[in-house]
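As structure tokens, the structure follows; a few thoughts come after it.
The values are calculated or read from the model by the stated rules, or taken from the named source; none is laboratory data. This structure is a prediction, so every number in the text was calculated from the model and none was measured. Reconstructed Cβ throughout: ideal geometry from the backbone, glycine too, with neighbour counts over all protein chains shown.
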Amino acid sequence: MPHTDIVIIGGGAIGLSSAYYLNQKGFDVTIIDSNPPNQYASCSWGSSGMIVPSHIVPLAAPGVVKQGLKWLLDPESPFSIEFKPSIEMISWLLKFRKAANKKHVEQAADLLRNLSMHSRSLYKDLDEKIDFGFETKGILMLCKGEKALEEEVAVSNMAQAIGMKTKNLNPSEVRNLETGMQTEIAGGVYYPSDAHVNPGLYLSSMKKLLLESNVQIIHETNVDTINVDQGKISSINTKYDTWTAKNFVLCAGSYSSKLVKQIDIKMPLMGGKGYSISIENSPKKPALPAILVEARIASTPMGETWRFGGTMTVTQGSTNINKRKLNAMIRNVKNYYPEYNLSWVESCEPWVGLRPLSADGLPYIGPFKKYSNLIAATGHAMLGVSLAPVTGYLVSKIISEESLDYDMNLLSPDRF
């Protein structure tokens, strides 16, 4: 029966980052990952790669539910719910609705800002060891209409109030910054502290570093059962082995809640289906990463590649592509970048992945009360890559029983 100090369940950006910081502290670490070695199927691979201290408003925020209900009536909207009645889905929706309030946003804003700035700093340190396309150009929020611009300026003012640098821009000022492509917008907000990486390169470079550091990574292997003994996780079973360890880290993305349900843990979590398109050697591409606000599209130049992605379909596990929503996303890019041509994406294969959505828009990071040697590190929604290093750092501090820099109550996996 194989044994290790720590088993990490899941080998995406969060799992690899956790392994890195644990390995740095001298732990023997084994990662068990359901994905193939190229990690293309990982939720992290196809992300926008944005590191976003600017994203201080959690997914559960005032107005989100109302806007979401309007979007449900539009088959081409960036939001939908694949609603198959189940206790888990209904419970998640009710908890999400309850969390979408002003008090929650105020509590979460400062925490998200601090976590993101810390993660950016850790990325900067990692950039000295491995190459993953780390760039500190900032990020633009591009608004097509005046209403969206007003809302973004309000968020910008809120960010300034908690110590963040922002610049509110008119169309001419946006053009001075965005020199790669023409823009057709009402204005925007620039966040100079934001950054971006190539997430696929981060996964492959981090994996190489871990293997060189004697971290064992087992691919194409599912964790089937979790075994309990005397109030602790004693082992996990895969198709091939039973692994024992002192601690277990849950980084299995949207699958995490299904896995712990078998040991009577309820952790509200849904999959948030999203798509991305990567254009190689695009005739033109933006100079700066941007969020195309009304369309809910993230646009990121990554070396010779231009990637854009979006949509949010709340689902219990389906990765079927809704071609109508995908095509609407592809078309909507032109509303912001008029030089973009649909012919550029004709030969591009769409990527689809499930982001793990907690019921209040904040990640689950920390030990479970019921089983103290099981540590959650999941539920990051669209911030998985952004918060990967700081999550790994926190996991290593928790397992080492060191004092933490943050009040972790808002992130507790038992908060519901």
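For the stretch 120-134: of the residues being of a type in the set (D, E, K, R) and either buried (at least 20 other Cβ atoms within 10 Å of the Cβ) or in a helix (DSSP H, G or I) (or both), which is nearest to the chain's Cα centre (by Cα)?
R120
May I ask you to verify whether F27 is over 30 Å from A159 (Cβ atoms), touching an Asp or Glu at 6+ places or on another chain (Cβ under 7 Å) and among the aromatic types (F, W, Y)?
So F27 fits the description; yes.
Under 6 Å between Cβ atoms, which residue pairs at least 6 apart in sequence (or on different chains) link something in the stretch 393-405 that is farther than 17 Å from T4 by Cβ with a partner that is at pLDDT 95 or above?
Note: pairs meeting the criteria are Y393/Y21; L394/I365; I398/I375; L404/K397.
Which one of these is touching a residue at least 24 places away in the same chain (Cβ under 8 Å) and exposed (fewer than 14 other Cβ atoms within 10 Å of the Cβ): P301, P350, P283?
Result of the check over P301, P350, P283: P283.
Might you check whether a residue that is of a type in the set (V, I, T), part of a loop (DSSP other than H, G, I, E, B), in contact with a strand residue (DSSP E or B) (Cβ under 8 Å, 6 or more places away or on another chain) and within 14 Å of G253 (Cα to Cα) occurs anywhere in the stretch 383-402?
The answer is yes, given that some residue of the stretch 383-402 is of a type in the set (V, I, T), part of a loop (DSSP other than H, G, I, E, B), in contact with a strand residue (DSSP E or B) (Cβ under 8 Å, 6 or more places away or on another chain) and within 14 Å of G253 (Cα to Cα).
Select from the stretch 325-371 the residues that are farther than 20 Å from A290 by Cα and hydroxyl-bearing (S, T, Y) and list them in ascending order.
Listed by number, the residues that qualify are S343, S347, S358, Y364, Y371.
With the requirement that a residue be under 27 Å from N38 (Cβ atoms) and touching a Phe, Trp or Tyr at 6+ places or on another chain (Cβ under 6 Å), what does the stretch 218-246 give you?
The one that is under 27 Å from N38 (Cβ atoms) and touching a Phe, Trp or Tyr at 6+ places or on another chain (Cβ under 6 Å): I236.
Which count do you get for residues in the stretch 215-269 that are not β-branched (V, I, T) and not in a strand (DSSP E or B)?
Residues meeting the conditions: 23.
Restricting to the stretch 176-208, name every residue that is among the hydrophobic types (A, V, I, L, M, F, W, C) and either over 19 Å from M50 (Cα atoms) or part of a loop (DSSP other than H, G, I, E, B) (or both).
Matches in the stretch 176-208: M181, I185, A186, V197.
With the requirement that a residue be surrounded by fewer than 24 Cβ atoms within 10 Å (Cβ to Cβ), over 22 Å from A109 (Cβ atoms) and in contact with a Cys (Cβ under 7 Å, 6 or more places away or on another chain), what does the stretch 353-389 give you?
Within the stretch 353-389, just L354 meets the criteria.
Can you work out which of the residues in the stretch 227-257 that are out of contact with any Asp or Glu (no Cβ under 9 Å at 6 or more places or on another chain) and free of Cβ contacts under 8 Å to residues at least 60 places away in the same chain is farthest from I9 (Cα to Cα)?
The selected residue is Q230.
Filter the stretch 156-175 for residues that are assigned to a helix (DSSP H, G or I) and buried (at least 19 other Cβ atoms within 10 Å of the Cβ); which is modelled with the lowest pLDDT?
A159
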